[in-house]
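What follows is calculated from the coordinates using simple rules that are stated; it is not laboratory data. Predicted model, so just to flag it, every value in this text is computed and none were measured. As a convention, Cβ positions derive from the backbone with ideal geometry for all residues, glycine included, and neighbour counts pool all protein chains shown.
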């Protein structure tokens, strides 16, 4: 689950991590009022969407007067902001963050992630922060520092000092860096985060470390334990199909292809998408119906997949264990009849009550394309596109 920059900074304040003074506005007039209230003679107006690269897309502007604050906010609010992370479709901006502009002396990058190789929280840091950090990581990876954290002892002061020293934070700045790192680690651990990123972390004014930009996301399987984090969820920033799917207990992620996938189990879903790609097709989605898929859940899965106008074929691939093939077949038949599905439907069933499921499909009289195994199903799905 992603949250906005202004929400991340709210959490940072709770954990003693320094951020610029600022507030969020959803109108140009409110943006002007905020700038006037926080004072100063220069401000930053920043689009609030769940994507990075906002500055490159025109979503971050510097204002040197209250009139400019209002003008920038009026321009940004309501714009369709296209960044390298939004794709060509862009993202509608509904609000802006207005902050005091800072006198930046140097920029750094700092983040915490889950390192799946070591199965630990890891620190990623660099003396080269800012908008081009991704390019730095590609072209000069030695400038990026990677440190794993031992869960038995957490993030001790000596490790913080080691990281700070490697990116050039010495003297009084080292003490600030240690305090900031420990606060970020507590926040990350306390709220079951998957990623926290400060880019840039900057030395400003009279040699103070400040998090100028901030990003966080959380483990969707754990976040319901934290109502205060769930309240930060912005459904308008999420794909409506993904939101609806989660309400039906389905795990759905939209992709760019034209073969709709309905599968049980994340591993089998990934293998199904790989098989489609192997046969020169492109999956339109990841959809895991889970281990106890009822006929109603299968019918809902079909309906959600078909809300994507790019879907030309549906591939249903079920290996039944807790699930039963007769349940699945009943749901498929129900969906075909109720939703009047015209796209070809390829069905591969295996496992519990396989014979009963095949009988239901056969006796329905509907034009299913049956497959013997995963490879056969993927091949037939791609062939049905032509």
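Tabulated values for the structure
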| item | result |
| --- | --- |
| Label-zone membership for the stretch 1-22, site residue 224, 7 angstrom Cα→C-beta point, backbone N under 15 Å | 1 |
| Hypothetical label at residue 94: residues of the stretch 211-239 whose amide nitrogen lies under 13 Å (7 Å Cα-Cβ projection) | 232-239 |
| Zone of residue 106's modelled label, taken as backbone nitrogen in the stretch 164-197 under 15 Å from a point 7 Å along Cα→Cβ | 164-178 |
| Cα-projected label distance for residue 362 with residue 337, points at 7 Å along beta-carbon direction, nm | 1.9 nm |
| Radius of gyration and maximum dimension Dmax of the chain, Cα, Å | 25.0, 79 |
| Mean Cα-pair separation over length for the chain, i.e. relative contact order, pairs under 8 Å, 6 or more apart, % | 12 percent |
| Length released on extending from residue 268 to residue 79, taking residue separation times 0.36 nm less the Cα-Cα span | 64.1 nm |
| The stretch 239-383, relative contact order in percent, only Cα pairs under 8 angstrom and at least six apart counted | 24 percent |
| Residues 142, 207, sorted so that the one with the fewest Cβ neighbours within 10 Å comes first | 142, 207 |
| Spin-label model distance (nm) - residue 195 vs residue 13, 7 Å beyond Cα toward Cβ | 2.6 nm |
| For q = 0.15, 0.19 Å⁻¹, Debye-computed log10 I/I(0) when each Cα of the stretch 1-146 counts as one equal scatterer | -0.87, -1.25 |
| Label-to-label distance, nm, for residues given as residue 36 and residue 157 (7 Å Cα→Cβ offset) | 4.7 nm |
| Principal-axis tilt of helix 66-76 within the chain, Cα atoms, nearest 10 degrees | 10 degrees |
| DSSP bridge pairs, the chain: antiparallel proportion in percent, nearest 5 | 75 percent |
| Hull shadow area, averaged, the stretch 239-383 [alpha-carbon convex hull, nm²] | 7.2 nm² |
| DSSP-defined antiparallel bridges as percent of all bridges, the stretch 239-383, nearest 5 | 20 percent |
| The stretch 64-121 versus the stretch 286-346: alpha-carbon centroid distance in Å | 39 Å |
| Measure of compaction for the stretch 21-101 (Cα Rg per 2.2 N^0.38 Å) | 1.01 |
| On Cα atoms only, tilt of 325-338 relative to the major axis of the chain in degrees | 90 degrees |
| Stretchable slack from residue 62 to residue 373, in nm (0.36 nm times residue separation minus alpha-carbon distance) | 106.2 nm |
| Rounded to 10°, Cα long-axis angle of helix 157-166 versus longest principal axis of the chain | 80 degrees |
| Sequence-separation-based contact order of the stretch 43-184, relative, with Cα cut under 8 Å and 6+ spacing, percent | 17 percent |
